[in-house]
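Encoded as structure tokens, the structure appears first; notes follow it.
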Amino acid sequence: MVKINYPFTAIVGQEELLLGIILNIINPKLGGLLIKGVKGSGKSTAVYSMTDIIPGIDVLKDCKFNCNPEKPEYWCEDCRKKYSEEKKEIISKEVVNVPVPLSITEDRLLGNVDVELLLKEGKHRFIPGILAKAHRQILYIDEVNLLPDHIVDDILDVSAMGWNRIEREGFSISHPSEFLLIGTMNPEEGELRPQILDRFPLSVMLDSVTDEILRKEIINRNLAYEKDPAKFREQFQQETENLKNFINISRTLLDEIEVKSEFYDIVVKFCANNKVDGHRADIGIIKTARTHAAFEMKKHVELRHIKQAAKFVLGHRTREGGLSKPLTKVEIDEFFANIKEEKYPKKTENKTAEINKNINLFSEGGLIQQEKK
């Protein structure tokens with residue numbers, strides 16, 4: 001039996017988390033999301049429901065690495081031998097969650113050589129690891145702060161490069177490994193090293209929903225889901241399809257989004273004045289803001305997109321070589337509130353209060369409708 005996941009569009013509250021997930025699906029080049037939150041705040045539920053709204057992918061038939069038919073330069077060795085640009089077999093495949101167990105070994109993660117075959121016949125055969133299976137899929141690390149540091153380092157290195165290279169028993173092999181990296185953690189159980197935090201492009205901090213109406217709806221929906229998961233999913237099927245189509249449209253608009261040079265100046269000044277380490281944050285803010293504008297079907301990035309992107313990108317990054325804590329949302333809000341409105345006109349802010357009142361974020365007036373006009 002296949003477990004029926006809780007529908008993504010049925011999640012109540014946590015609109016910032018939903019937005020962070022959606023932006024990563026629209027633009028996988030953002031690099032992933034770290035979800036921090038107290039126990040019972042819906043972290044895992046949101047992650048496992050992501051597959052509802054991710055468009056499927058085309059892969060080369062029988063490829064164990066999910067090679068992209070349109071990118072022959074990234075094909076694995078087997079596909080290069082079997083197919084050519086002119087002659088190839090293509091199949092469609094759903095995107096799935098590939099979890100990383102806390103007990104995972106390095107060989108199981110990266111891949112290994114079949115030692116038995118090597119000893120018996122002297123032949124090298126590569127046994128793919130989880131990072132091979134995760135190519136063009138979702139790589140999910142639950143309780144990432146409890147995973148051994150060397151395992152996290154391996155994952156982040158491959159995530160940054162997009163390739164996994166293995167050296168074993170005088171044998172080497174490389175294969176593409178581009179995945180949507182999602183990590184969840186409870187800060188009460190310990191923090192991540194600053195060097196690892198910096199490698200997560202975006203983050204979001206969850207709090208328990210305090211609105212009494214929303215909390216009551218959370219109870220009702222969870223009980224309905226437990227009683228009949230299939231029937232419950234059917235109730236949100238239309239909203240799910242609408243959001244999935246909307247994501248496809250947003251992807252086509254992404255390359256057309258323009259960013260004013262003044263916004264580059266704002267981002268650079270803000271990060272430099274606050275002593276943000278490196279340049280990943282500056283780049284991440286611009287990329288995230290462009291993706292947010294595409295989601296709202298805007299032609300240009302607006303100041304509020306930059307501000308929201310700054311909250312996603314800077315909320316987990318220590319500064320001054322780890323000596324200063326990450327910027328808070330209040331500090332980010334104060335900076336953008338002081339920008340002269342006549343020079344950088346601000347559009348209407350996201351109607352967070354109205355979203356909270358509207359229990360279904362994906363119905364008319366909800367998350368994807370609020371800024372379409």
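Some values worked out for this structure:
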quantity: Looking only at the range 245-289, and only at residues there that are out of contact with any Asp or Glu (no Cβ under 9 Å at 6 or more places or on another chain) and not in a helix (DSSP H, G or I), the one that is modelled with the lowest pLDDT; calculated: His279
quantity: Residue satisfying condition, being in contact with a helix residue (DSSP H, G or I) (Cβ under 8 Å, 6 or more places away or on another chain), at pLDDT 90 or above and crowded, with 18+ Cβ neighbours inside 10 Å, within set Gly183, Gly111; calculated: Gly183
quantity: Qualifying residue in the range 42-58 (condition: surrounded by fewer than 20 Cβ atoms within 10 Å (Cβ to Cβ), more than 30 Å from Arg221 (Cα to Cα) and assigned by TED's automatic domain parsing to the domain that holds Arg136); calculated: yes
quantity: Test result for Asp228, at negative phi, at pLDDT below 90 and not aliphatic (A, V, I, L, M); calculated: no
quantity: Residue under evaluation Ser84, criteria (1) outside any strand (DSSP E or B); (2) in contact with a strand residue (DSSP E or B) (Cβ under 9 Å, 6 or more places away or on another chain); (3) at pLDDT below 90; (4) polar (S, T, N, Q), criterion not met; calculated: (2)
quantity: Looking only at the range 136-180, and only at residues there that are among the hydroxyl-bearing types (Ser, Thr, Tyr) and surrounded by fewer than 21 Cβ atoms within 10 Å (Cβ to Cβ), the one that is farthest from Ile57 (Cα to Cα); calculated: Ser172
quantity: Qualifying position, being at pLDDT 90 or above, touching a strand residue (DSSP E or B) at 6+ places or on another chain (Cβ under 9 Å) and either of a type outside the set (Gly, Ala, Ser) or part of a loop (DSSP other than H, G, I, E, B) (or both), among Leu118, Leu102; calculated: Leu102
quantity: Restricting the range 38-61 to residues that are of a type in the set (Gly, Ala, Ser), part of a loop (DSSP other than H, G, I, E, B) and out of contact with any strand residue (DSSP E or B) (no Cβ under 6 Å at 6 or more places or on another chain), the residue that is nearest to Ile90 (Cα to Cα); calculated: Ser49
quantity: Among (1) buried (at least 22 other Cβ atoms within 10 Å of the Cβ); (2) out of contact with any Pro (no Cβ under 9 Å at 6 or more places or on another chain); (3) of a type in the set (A, V, I, L, M), the one test that Ala272 misses; calculated: (1)
quantity: Residue match in the range 227-238 (condition: outside the structural domain of Asn97 (by TED's automatic domain parsing) and aliphatic (A, V, I, L, M)); calculated: yes
quantity: Any pair with Cβ under 9 angstrom, 6 or more apart, that starts in the range 256-285 at a residue that is closer than 15 Å to Arg319 by Cβ and ends at one that is hydroxyl-bearing (Ser, Thr, Tyr); calculated: Asn274/Ser324; Lys275/Ser324; Asp277/Thr318; Asp282/Tyr264
quantity: Extreme residue, modelled with the highest pLDDT, among residues of the range 303-356 that are exposed (fewer than 12 other Cβ atoms within 10 Å of the Cβ) and of a type in the set (Val, Ile, Thr); calculated: Val330
quantity: Exclusive hit being more than 15 Å from Leu19 (Cβ to Cβ), in contact with a helix residue (DSSP H, G or I) (Cβ under 9 Å, 6 or more places away or on another chain) and in contact (Cβ under 8 Å) with a residue 60 or more places away in the chain, set Thr288, Thr318; calculated: Thr318
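Table: residues versus (1) within 10 Å of the chain's Cα centre (by Cα); (2) free of Cβ contacts under 8 Å to residues at least 40 places away in the same chain.
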residue	(1), (2)
Val2	no, yes
Ala10	no, no
Leu18	no, no
Lys29	yes, no
Ser41	no, no
Ala46	no, yes
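Matching residues to (1) modelled with pLDDT of 90 or more; (2) not in a helix (DSSP H, G or I):
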{"position": "Leu17", "(1), (2)": "yes, no"}
{"position": "Ile22", "(1), (2)": "yes, no"}
{"position": "Lys36", "(1), (2)": "yes, yes"}
{"position": "Cys63", "(1), (2)": "no, yes"}
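The values are calculated or read from the model by the stated rules, or taken from the named source; none is laboratory data. Just so it is clear, the structure is predicted and the values come from calculations on it, not from any experiment. Here the Cβ is made from the backbone with ideal geometry for all residues, glycine too, and neighbour counts use every protein chain on show.
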